[in-house]
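First up is the structure itself, then whatever we jot down about it.
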Amino acid sequence: MAATKGDLARSTGIEIRSLAVAAAKTITAGDGVEADASGNVQPGTTTGDVNKGLYIAVETVDNSAGSAGDKTVRVASGNTYVYAEAGATIVVGHSVKLADDATCVPSASAPDTKTLGRYVCHENEDVTPTDAVDGDVIVVRLGL
């Protein structure tokens, strides 16, 4: 069975948090998300507010018709290994950051204010990992 974005890639060292979803936002499993100054989660961007952290959503939650905090979403945090989507070519071991479409792209300089973690591999590439290209489902180790 192929991994999908938002799946957990390892069964140990998992850190999952439940956070309030920002008003009028939909969070999609596997997308990078950011928490604003109030702690409400919204889809990640290259220019958004990162006052309370960066995460990858592990479930999809639709709060498009709700107020901030009406719904919560589970997100991966800490040193968790999680599947996400590459938004560009990424070299194995390089740091990744949020893109405007909530995918992962290479971070020009680490740590960047939007750095999520490091690109580890594709599914089942423990021995000889390969670089990722736009649209690949990849394993990201959150944090640095």
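What follows draws every value from the coordinates through simple rules; no lab data is involved. Quick caveat: nothing in here was measured; it's all calculated off a predicted structure. FYI the Cβ positions are ideal-geometry reconstructions off the backbone, even for glycines, and counts take in every protein chain you see.
Overall, the stretch 53-144 carries a charge dipole of about 400 debye about its Cα centre when +1 sits on the Cβ of Lys and Arg and -1 on the Cβ of Asp and Glu, all other atoms neutral.
Where a Cα-Cα gap under 17 Å defines reach, which aspartates and glutamates qualify for K114, not counting those fewer than 8 residues away within the same chain? Hits, sequence-local ones excluded: D31, E34, D36, D49, E85, D100, D101. Checking (1) 3, 12, 20, 30, 19, 10, 5, 1, 0; (2) 2, 12, 22, 25, 19, 12, 6, 2, 0, 0; (3) 2, 8, 11, 12, 12, 10, 7, 5, 4, 4, 4, 4, 4, 4, 4, 3, 1, 1, 0 against the coordinates, the calculated P(r) over Cα pairs in 5 Å bins from 0, in percent falls under label (2).
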